[in-house]
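The values are calculated or read from the model by the stated rules, or taken from the named source; none is laboratory data. Quantities reported herein were computed from a predicted structural model and do not represent experimental measurements. FYI the Cβ positions are ideal-geometry reconstructions off the backbone, even for glycines, and counts take in every protein chain you see. To get the accessible areas, we keep the full protein, side chains included, count just its heavy atoms, and leave off ligands, DNA and RNA. Shrake-Rupley method; radii C 1.70, N 1.55, O 1.52, S 1.80 Å.
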Amino acid sequence: MAKTVLITGGASGIGAATARLLAGRGWFVAINYRTRADQAAALADELSAQGVKAIALPGDMQDPASIERLFGGVDREFGRLDALVNSAGIGIPNKRVAEFDASPLTRLMATNVIGPMLCCREAARRMSTAAGGQGGTIVNVSSMAATIGGRPGNSHYAASKAAIDCFTIGFAKEVAREGIRVIAVRPGVIRTDMTQASLADPSFVATVAASIPLGRAGQANEVAAPIAWLLSAEASFITGCCLDVSGGGFHIASAPR
């Protein structure tokens, strides 16, 4: 029987690259989206044409009830959940701490921290062998920003991802003997819709190249491949850790995400 994965934020970027890779390996895929309905539907059609079951499901990481409906949709459409990839995330405009506003911070933390935590809750309820499940694997997409505090003005985003790193380690210990593995993947600067505008600036690209030992930004498929490996049986003894997918990390503490 084919395994089923739910990918939050799966309509674009790292999430979409992961969906394509896993579908190519025979996984059934639930593609979650918040606003990219057409993009998610087109991706689902593309994957379905390969002979796997793929559907697009709405769900807002800022809304607990919406998250519950999302997992209910997975139950109805697939009847099982073997893996969760928490790829949904947002950024907000750079600001010094002295200029913070509560509303954008609340939205950032709700999407990047509370939403993934609630998704992990829903996944654990379905996967845990203690609750009658068959185990599973969860990959939380974090960021190298968590390791350096972010670039200037981006400490809020870095803090949201550092929270995910810490949560991943604690959660993994909690469910390890219930058949669930939990790992965080920390991308560096990756070419996605989120970074498209910044990476269109030659000076920013040069700054990125100078700050990464491999000398370039990464591609979404270069993050998807490690995620797919972590979901496989080859990674069966890996849990409760963070994997850096960053071209070697950063040379300087002020390097961009």
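The table below lists the values:
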| item | result |
| --- | --- |
| Mean Cα-pair separation over length for the chain, i.e. relative contact order, pairs under 8 Å, 6 or more apart, % | 19 |
| Whole-number percent relative contact order across the range 38-145, with pairs defined as alpha carbons under 8 Å at least 6 apart | 29 |
| Solvent-accessible area of Y157 with every protein chain in place, 1.4 Å probe, in Å² to the nearest 10 | 10 |
| Cα centre as origin, Lys/Arg/Asp/Glu Cβ charges: the range 1-84 dipole, Debye | 240 |
| Which of C242, C120, C166 is most accessible, then next, and so on - probe 1.4 Å | C166, C242, C120 |
| Under the Karplus curve 6.51 cos²θ - 1.76 cosθ + 1.60, θ = phi - 60°, whole-Hz ³J(HN,Hα) for the range 203-210, x wherever Gly or Pro sits | 5, 5, 4, 5, 5, 4, 4, 6 |
| Gyration tensor verdict on the range 37-137 (Cα atoms; rounded if a/c is under 1.5, prolate if a/b is larger than b/c, oblate otherwise) | oblate |
| 14 Å beta-carbon shell around A17, net charge (K/R +1, D/E -1) | 0 |
| For T207, solvent-accessible area (1.4 Å; no DNA, RNA or ligand), Å² | 70 |
| Protein accessible area in the range 1-91, 1.4 Å probe - carbon and sulfur % | 46 |
| Computed over the range 135-197: relative contact order in percent, which uses C-alpha pairs under 8 Å that are six or more apart | 44 |
| Reachable lysines, given that their alpha-carbon falls under 26 Å from the alpha-carbon of K95 and they are not under 8 places away in the same chain | K161 |
| Positive dipole terminus of the range 62-155, leading residue within G133, P116, G153 (C-beta point charges) | G153 |
| Student exercise, the chain dipole from Lys, Arg, Asp, Glu Cβ charges, in Debye to nearest 20 | 260 |
| Heavy-atom surface of the chain, accessible at 1.4 Å and reported per residue (Å²) | 44 |
| Protein-only accessible surface order, largest first, of K95, K3 at 1.4 Å | K3, K95 |
| Helix-only mean residue ellipticity at 222 nm for the chain, each DSSP H run of n ≥ 4 adding -39500 (n - 2.57), per residue, nearest 500 | -13000 deg cm²/dmol |
| Low-density loop positions, trypsin sites (Lys or Arg not before Pro), the range 166-254 - DSSP coil, at most 10 other Cβ in 10 Å | none |
| Reachable lysines, given that their alpha-carbon falls under 21 Å from the alpha-carbon of K53 and they are not under 8 places away in the same chain | K3 |
| Carbon plus sulfur fraction of accessible area for the range 162-257, probe 1.4 Å, in percent | 58 |
| Alpha-carbon centroids, the range 191-248 and the range 158-178: separation in whole Å | 20 |
